[in-house]
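What follows is a set of notes on a single structure, which appears directly below.
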Amino acid sequence: MRSSVRFTVVLLLLALLLAAAMVGCSMLGVVRFSWDEMWQSPIFLNLRAPRVVLSVLVGAGLSVCGAVYQSVFRNPLTDPYVLGISSGASLGAAVAILLGLEAYVAGVGGCALLTGLLTVVVIYRIASTGNRMHTTTLLLTGVCITFLMSAVISFLMVLRQDKMDSIIFWTMGSFASASWGDVAVVAPVVAAGIGVVVYYCRDLNLLLAGSETARSLGVEVERVRRVLLLSTTLTVAFCVATCGVIGFVGLVVPHCLRLVCGPDNRKVVPCAIFAGGLFMLMCDTLARTVLMPAELPVGSLTALAGAPLFIYLLYRNKKKY
């Protein structure tokens, strides 16, 4: 009973903090608004509001996907980028930038999404044998793909040094070009991905006990893994295609929530929606306000905030690992 009360309190607190942060962060920037001015300002309606909403959506999606990966692979150090999705999307974006496709609608994002999804297909084909998917092979293939794609991107940047800054900034993540069109594309994908995860939360908990145990309790292990990994990788691919590569969100947020809510994914996943959105929103707000009018890549701030926190958590709980 006490655990359920704590979960309810934490969930409500996170929801309230996120709502307050969305309003407060919308007022901050090069141009500041009062409460009354904000709702009539074109800058807020066309630039800042979609940026705030998109950052929350991406943060929620990446956090939930991170919780899924950590449960499916039974490894707390796994994050959404372990399958090489981000590196595949980065290669597509780099090629689009080199070809001068930034001026076209969905030019960079479309190429990033295409190569991200192709990367997922290739990795799944390599790791699958019949109807079974080998998680160890999946992880190792993702790592190899990541190194390969990073090497190709580095080679492309050397060939076209005039485009290097654009490629580097995209691969470190940014919401600077966020629009309502991006929100319209990402929102249904993130909502559908989270919906699938919520539906399979019980099976996800059983997977933590091991494949054989889960199978003995009636879980169709291979089908559940395939559905969860497909839905989450699609979510990550769409997120990366709109804002670039942003790390540590899917690694740190679910891990911190498990320290508060316990290992039950029926509690971790709902909290991850709000906590991930809040974390990403705060990092993006700092990215656009710390050095105004210049802007920092949000991926560098998520790493600066997430890495020390994660090291501290590992140190504090090292006896458990």
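Give me the residue from the range 209-234 that is out of contact with any Leu (no Cβ under 8 Å at 6 or more places or on another chain), among the hydroxyl-bearing types (Ser, Thr, Tyr) and within 25 Å of residue 146 (Cα to Cα) and, out of that set, surrounded by the most Cβ atoms within 10 Å (Cβ to Cβ). Restricting to residues being out of contact with any Leu (no Cβ under 8 Å at 6 or more places or on another chain), among the hydroxyl-bearing types (Ser, Thr, Tyr) and within 25 Å of residue 146 (Cα to Cα), the top hit is 232. The residues listed here are 42, 50; of these, the one that is over 30 Å from residue 260 (Cα atoms) and modelled with pLDDT of 90 or more is 50. The residue list 299, 277, 244, 250 contains one member that is under 14 Å from the mean Cα position of the chain (by Cα), buried (at least 19 other Cβ atoms within 10 Å of the Cβ) and on the phi > 0 side of the Ramachandran plot, which is 244.
Could you look through the range 224-256, keep only residues that are of a type in the set (Ser, Thr, Tyr) and within 13 Å of residue 64 (Cα to Cα), and pick out the one that is modelled with the lowest pLDDT?
233
The set of residues from the range 90-115 being more than 12 Å from residue 167 (Cβ to Cβ) and at pLDDT below 80 comprises 100, 101, 103, 104, 105, 106, 107, 109, 110, 113. Annotation for the range 142-155: no member residue is under 15 Å from residue 233 (Cβ atoms) and without any contact (Cβ under 8 Å) to a residue 40 or more places away in the chain. When 264, 203, 182 are checked against the criterion of being crowded, with 16+ Cβ neighbours inside 10 Å, in contact (Cβ under 8 Å) with a residue 40 or more places away in the chain and farther than 26 Å from residue 21 by Cα, 264 stands alone in meeting it. Quick one: is residue 68 of a type in the set (Val, Ile, Thr) and free of Cβ contacts under 8 Å to residues at least 40 places away in the same chain? Considered against the rule, which asks whether it is of a type in the set (Val, Ile, Thr) and free of Cβ contacts under 8 Å to residues at least 40 places away in the same chain, residue 68 comes out as no. Among the residues of the range 1-16, the one identified as surrounded by 15 or more Cβ atoms within 10 Å (Cβ to Cβ) and over 16 Å from residue 266 (Cβ atoms) is 15. Taking the range 21-38 as the range and being part of a helix (DSSP H, G or I) and under 27 Å from the mean Cα position of the chain (by Cα) as the test, the residues that pass are 21, 22, 23, 24, 25, 26.
Annotation: of all residues in the range 121-142 being part of a helix (DSSP H, G or I) and loosely packed, with under 13 Cβ neighbours inside 10 Å, the one that is modelled with the lowest pLDDT is 136.
The values are calculated or read from the model by the stated rules, or taken from the named source; none is laboratory data. The structure presented is a predicted model; accordingly, all values stated were derived computationally and were not measured. Cβ coordinates were reconstructed from backbone atoms using ideal geometry, including for glycine residues, and neighbour counts include every protein chain displayed.
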